[in-house]
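The values are calculated or read from the model by the stated rules, or taken from the named source; none is laboratory data. None of these values were measured; they are calculated from a predicted model. Note that each Cβ is placed from the backbone with ideal geometry, even for glycine, and that neighbours are counted across all protein chains shown.
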Amino acid sequence: MRPERLADVVGQEHLVGVGKIIHEIIDKKQPTSLILWGPPGSGKTTLARIIARETGAEFVELSAVTAKKADVVKVVELAQQNRRLAMRTILFVDEIHRFNKAQQDAFLPHVEDGTIILIGATTENPSFEVINPLLSRSRVLVLEPLGKDELVQIITQAAKTEKLSAKRLPAKSIDLLAALSGGDARVALGNLELATQLTTGTITPDIVKTAAQKRVPGYDKAGENHYNIISAFIKSMRGSDANATLYYLARMLQAGEDPKFVARRMVIFASEDVGLAASAALNLAVATFQAVERIGMPECQYNLFHCATVLAKTNKSRDIADAMNGALNAARDNPDLPVPIHLRNAPTKLMKDLGYGKGTKWEAGFEHPEGFLPEKLKSLRLF
C-alpha cells in the first residue's frame, strides 16, 4: 500500500503540496539532506523513498537500531563510487535518534562534501537527539499525525486494491478503523488486515474493535511528549481550566505515568501558583502525595483527580514564587553583607557593650526602628 509517487501521497500537504518544500525538491530534481520528524505511520519512510525515486538517486536504507560501523563504511564507499559516476546517493536512516554522537559524527564529513544526501527519520525531537553540526546541514521537516479523513482515504484505497466490497467493509467500519488508529497509517492498515482474517463475512464494527483491541497511547516517559503533556497539565491548572486539566491527567495515567510524579508536580504547583490565595491547597497536595504512596493505582486516581480539580478551580497567586525569586536574586547578588549589629546575638557582656542586639525587644510583632535588612538592602521590597 506504500505510495510510489508524490501524487499518491495522502496527507502532509504542508510539505508535499504545490510550492511546498518536498514538491519543490522533486520538481527541481535537487535532493537535500533532511530530518523528517513525526509520529509513527505519518509517512517518513514513504517520503524518503519517493524523493530518491523521483530525483533519480540511489536509495540506501539503514536502521539506527541495528546498523554497525561496518554498515556505515559500506554506504560511504558506495556513495563515493556513485559520485564518480555522477550519481547521487540518498542514505535514509530510520530512527536516527538511536545513533550516538560518534555514529552521527561519522556521517558529518560525507554530508558536508555532498557525497551522501542524508535523510533521517525520527519520532523524537531532533534538537535533543541529533548533533548540532548535522542539524545545521539539514532541513528539519515536521510531519503531523494523519487526520481521520486522510486515514479514511487510505483505508478506502486499500479496500479497493484488495477488492473488499462496500458490503464486506461498510463505511461505518472504515470510520471506526480510522478513529482507532491514532493518526498512524500502519496501524490502520494492520488492523484492517487482521479484521479481514477474523471473518470471511462482513467486517462489522465489533470485528474492528476485536482487531484493534486497545490502542497504547503515544507517550514516551523519557521523551518529548512526556514533557509536553505534563506542561499542558500544569498550564491548564494555572489557567483554571478544569476540563483540560483532567483530560491531560487522564492521558498521563492511561499511558502508565508514575502517579507519584504527577502528585509531586501538584505539591510544587500548590505553592508556586496557588500560594497565598489558598494556603490550604498545599496541605491537600501533600495529603494527595501521601495517599498515592499508600494506596497506589488504580484507586489513588480518585485522590489525583480530586486534588487536580481543586488546584485548577481555586484562585491563583504568584506572590510566593515572585518573592522567592526576588529573595534568591538579592542573596546571590549580595552574598556577604554583614548582619546589622542590632540583630546579632549577644551572649557575652563584651558583645552587648559593642552594641550587639541593641534596642531589640523580646515581644511579638516588635519592629526595630533600624529595620531588619542590611543597610544596602533597606529598599528591598519582596511583597
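Could you list, in sequence order, all residues of the range 292-311 that are closer than 17 Å to Ile268 by Cβ and surrounded by fewer than 20 Cβ atoms within 10 Å (Cβ to Cβ)? Once the filter is applied, which keeps residues that are closer than 17 Å to Ile268 by Cβ and surrounded by fewer than 20 Cβ atoms within 10 Å (Cβ to Cβ), the range 292-311 yields only Glu293. Assess whether Lys101 counts as being among the charged types (D, E, K, R) and either closer than 30 Å to Lys69 by Cβ or out of contact with any helix residue (DSSP H, G or I) (no Cβ under 8 Å at 6 or more places or on another chain) (or both). Here the answer is yes, as Lys101 does meet what is asked. Please verify whether the range 98-109 includes one or more residues that are modelled with pLDDT of 85 or more, outside any helix (DSSP H, G or I), closer than 22 Å to Asn82 by Cα and outside the structural domain of Ala171 (by TED's automatic domain parsing). No, the conditions are met nowhere in the range 98-109.
Counting the residues of the range 192-248 that are part of a helix (DSSP H, G or I), more than 30 Å from Ala166 (Cα to Cα) and at pLDDT 85 or above gives 18.
Tell me which residues, restricted to the range 235-245, are closer than 15 Å to Phe269 by Cα and either out of contact with any Asp or Glu (no Cβ under 8 Å at 6 or more places or on another chain) or of a type in the set (S, T, N, Q) (or both).
Residues satisfying the conditions are Lys235, Ser236, Gly239, Ser240, Asp241, Ala242, Thr245.
The sole residue among Leu164, Leu189, Leu135 that is in a loop (DSSP other than H, G, I, E, B), of a type in the set (A, V, I, L, M, F, W, C) and at pLDDT 85 or above is Leu164.
Scanning for something within 30 Å of Thr288 (Cα to Cα), in contact (Cβ under 8 Å) with a residue 12 or more places away in the chain and of a type in the set (D, E, K, R), does the range 320-339 turn up at least one residue? Checked the range 320-339: at least one residue is within 30 Å of Thr288 (Cα to Cα), in contact (Cβ under 8 Å) with a residue 12 or more places away in the chain and of a type in the set (D, E, K, R). Filtered by the rule that a residue be surrounded by fewer than 19 Cβ atoms within 10 Å (Cβ to Cβ), closer than 17 Å to Pro31 by Cα and in contact (Cβ under 8 Å) with a residue 24 or more places away in the chain, the range 81-107 gives Asn82, Arg83, Met87. Pull up the range 288-311, narrow it to residues that are more than 25 Å from Lys235 (Cβ to Cβ) and either assigned to a loop (DSSP other than H, G, I, E, B) or not assigned by TED's automatic domain parsing to the domain that holds Leu249 (or both), then point me to the one that is farthest from the chain's Cα centre (by Cα). The residue in question is Glu299. A search for C-beta distances below 8 Å between a residue of the range 18-42 that is assigned to a strand (DSSP E or B) and any residue that is basic (Lys, Arg), counting only pairs 6+ apart in sequence or on different chains, returns Leu34/Arg139; Ile35/Arg139; Leu36/Lys44.
Right, Leu118: under 20 Å from Ser63 (Cα atoms), assigned to a strand (DSSP E or B), in contact (Cβ under 8 Å) with a residue 40 or more places away in the chain and in contact with a Gly (Cβ under 9 Å, 6 or more places away or on another chain) or not?
For Leu118, the condition - under 20 Å from Ser63 (Cα atoms), assigned to a strand (DSSP E or B), in contact (Cβ under 8 Å) with a residue 40 or more places away in the chain and in contact with a Gly (Cβ under 9 Å, 6 or more places away or on another chain) - is not met.
On inspection, Leu282 fails the criterion of being within 17 Å of Ile230 (Cα to Cα), surrounded by 14 or more Cβ atoms within 10 Å (Cβ to Cβ) and either touching a helix residue (DSSP H, G or I) at 6+ places or on another chain (Cβ under 6 Å) or assigned by TED's automatic domain parsing to the domain that holds Tyr248 (or both).
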